[in-house]
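A quick write-up on the structure given underneath.
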Amino acid sequence: MGTLVLDTDSGTNLPVQRSARFATRAATLRDLIKSEADKPENAGATSLNVVEAMREAGLYWLLVPESIGGVNTGISEFTALAEEVASADSSTGWSLAAQGIATMVAATFCSDAHVERMFGGARLPVMSATYAPTGKAVQTGDAYTGSGRYSFGSGVSHADWVSSAFVLQDGGKPVMQADGQPRVVGAFLPADRVNILGNWNVAGMEATGSFDYEVAEQTFPLDWTFNQYWTEPMRPSRAATIGTLVSVCAGHTGVALGIARRSLHEAAHAASLKKRLYATASIADTPTFKLDFVRNEAIFQAARARAYELFANADRKANANQPLTETEIQQIRQVTTWTHQICRDVAVTAFSSVSSSLRRPSILARNLMDAAVAGQHFIVNDMSLFDAAPCIIDQWADESAQSAGGTW
């Protein structure tokens, strides 16, 4: 697992995971995803035709433990899946990745009783979740009573269960834990118990359906909830071993790689066909395009290789049931943010290189805006690089100190 090889059968020069069978399965849906994404009626959320096709292909349950019907794959394969789907349509890839994580959280951290309630039917469920604790709840015996309003519920309009986070209250004040943090519980509620507000009007990632939603005041049993800090997995899985944060990074990285990959393909194709006014050669034959393209292709390949290298290492640790070190986690945070910056730069260059990209419909224009919006997620802001810096600097300093004479 995790070995990089050339995918000579697919007609691409991109290295892929040898075990990326679900990315290969997703590739068979590529034409459907692209055609559905171009329909105006699907501008606000993922097409239900695509959702159903991805369910039939088993794409939502890669990180779910095998004991309850999932695949329990490594995050390298999850990244490859997100990349493949996002290269067909970035919004669809985003929703799939977000809902794959949400479904993993439900399967890994919820009580046995609630997992049986959610996963015990004839059809495996698909979840949506938000993690910001903008709700409040109080304990009343063996139940909680809570309410709240939430943002960025990716895929909530076609989810079966929806998770929301509540800060527990006592006497109108947050209940504090021993570590000084407020106690926060997540609760997966049936989708018909949340009110979707339908206000997803955005510049990019339009079809993720990341609507705000409201949980009106209601009571739910304690066993419907889980520790929102993800510190108490109830059943083993590879994702639980390496941590939810790393799995989230893997999904976001895959989406960014998919956007950049599609942008490079579209720019190369369009530039080979188009000529500037009065020019005798195609745009692809101009020195400026050649230089810009090979530079961006190089940084894309470098970011992609580094990302899969780190995720393959995480898979090896998960297979050995070993947690990641703090340095390994911070390296993944670093590459996730860096990949989004590369994605944005590639999308800008690809859009700028072909003037026809400004006319709708334009995948280069859509990718440009999607890359900009993807880079706004809290997990890839510059603070992630500041947080990662001490571990990474110390690693380089330690390696230098171990060399002959203490310097290179």
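Each reported figure results from applying straightforward, stated rules to the coordinates on display, with no laboratory input. Small disclaimer: the values here were computed from a predicted structure and weren't measured. Every residue, glycine as well, gets a Cβ built from its backbone with ideal geometry; the counts of neighbours run over all protein chains shown.
Listing F109, F119 from the residue with the fewest other Cβ atoms within 10 Å to the one with the most, what is the order?
Values: F109 25, F119 22.
Fewest-to-most ranking of F109, F119: F119, F109.
Take the chain, connect every pair of alpha-carbon atoms lying under 10 Å apart with a spring to form a Gaussian network, then pick out the residue of S164, S47, S272 with the largest mean-square fluctuation.
The residue that fluctuates most here is S272.
Helix-derived [θ] at 222 nm for the chain: sum -39500 (n - 2.57) over DSSP H runs of at least 4, divide by residue count, nearest 500?
Working: 12 runs with 195 residues, N = 408.
Using -39500 (n - 2.57) per qualifying helix, the result is -16000 deg cm²/dmol.
Give the total of Lys-Lys pairs in the chain with Cα-Cα distances below 23 Å; include a pair only if its members are 8 or more places apart or on different chains.
4
Using the Karplus equation 6.51 cos²θ - 1.76 cosθ + 1.60 (θ = phi - 60°), what ³J(HN,Hα) coupling, rounded to whole Hz, does each residue of the stretch 26-35 give in order, writing x for Gly and Pro?
Result, ordered by residue: 5, 4, 6, 9, 4, 4, 5, 4, 5, 5 Hz.
Using only Cα atoms, find the angle between the long axis of helix 244-273 and the longest principal axis of the chain, and express it within 0 to 90 degrees, rounded to the nearest 10.
20 degrees
What percent antiparallel are the DSSP beta bridges of the stretch 33-169, to the nearest 5?
Details: 6 of 12 bridges.
If I count the DSSP bridges inside the stretch 33-169, around 50 percent turn out antiparallel.
Round to a whole angstrom and tell me the spacing of the C-alpha centers of the stretch 19-89 and the stretch 136-177.
So the two Cα centres are separated by 29 Å.
Using Cα-Cα distances under 8 Å and only pairs 6 or more residues apart, what relative contact order does the chain have, in percent?
On the way: 774 pairs, mean separation 68.8, N = 408.
After rounding, I find 17 percent.
Mind checking the alpha-carbon convex hull of the stretch 29-177 and giving the volume per residue in Å³?
Numbers: hull volume 19.1 nm³, N = 149.
Convex hull of Cα atoms, per residue: 128 Å³.
Rounded, prolate or oblate: which fits the stretch 238-402 when a ≥ b ≥ c are the square roots of the eigenvalues of the alpha-carbon gyration tensor, with rounded for a/c under 1.5 and prolate only if a/b beats b/c? Show your work: numbers first, answer last.
Working: a/c = 2.73, a/b = 2.19, b/c = 1.25.
In terms of gyration-tensor shape, prolate.
Ratio to report: Rg/Rh of the chain, with Cα atoms as the point set and Rh obtained by the Kirkwood method; give two decimals. It would help to have the intermediate numbers written out before the result.
Numbers: Rg = 22.2 Å, Rh = 22.3 Å.
With Rh from the inverse mean 1/r over Cα pairs, Rg/Rh is 0.99.
Over the stretch 127-227, what relative contact order in percent results from Cα pairs under 8 Å that are six or more residues apart? Intermediate values should be presented prior to the final figure.
Values: 232 pairs, mean separation 34.0, N = 101.
Answer for the stretch 127-227 is 34 percent.
Between the stretch 187-241 and the stretch 276-317, how far is it from one alpha carbon centroid to the other, in angstrom?
That distance is 36 Å.
What shape does the stretch 97-167 take by its C-alpha gyration tensor, where a ≥ b ≥ c are the square roots of the eigenvalues and a/c under 1.5 counts as rounded, a/b above b/c as prolate, and the rest as oblate? Walk me through the intermediate numbers first.
Values: a/c = 2.18, a/b = 1.20, b/c = 1.82.
The shape class here is oblate.
Using the crude model of +1 on Lys and Arg Cβ and -1 on Asp and Glu Cβ, and no other charge, please compute the dipole size for the stretch 127-227 relative to its Cα centre, in debye to 20. Intermediate results must be reported in sequence, preceding the final value.
On the way: 5 positive and 10 negative charges, 46 e Å.
I would put it at about 220 debye.
Let me check I have the definition right: for the stretch 314-374, take the eigenvalues of the Cα gyration tensor, multiply each by 5, take square roots. What are those semi-axes in whole Å, largest first? Mind showing how you got there, number by number?
Working: eigenvalues 266, 24, 12 Å².
Over the Cα atoms of the stretch 314-374, the semi-axes work out to 36, 11, 8 Å.
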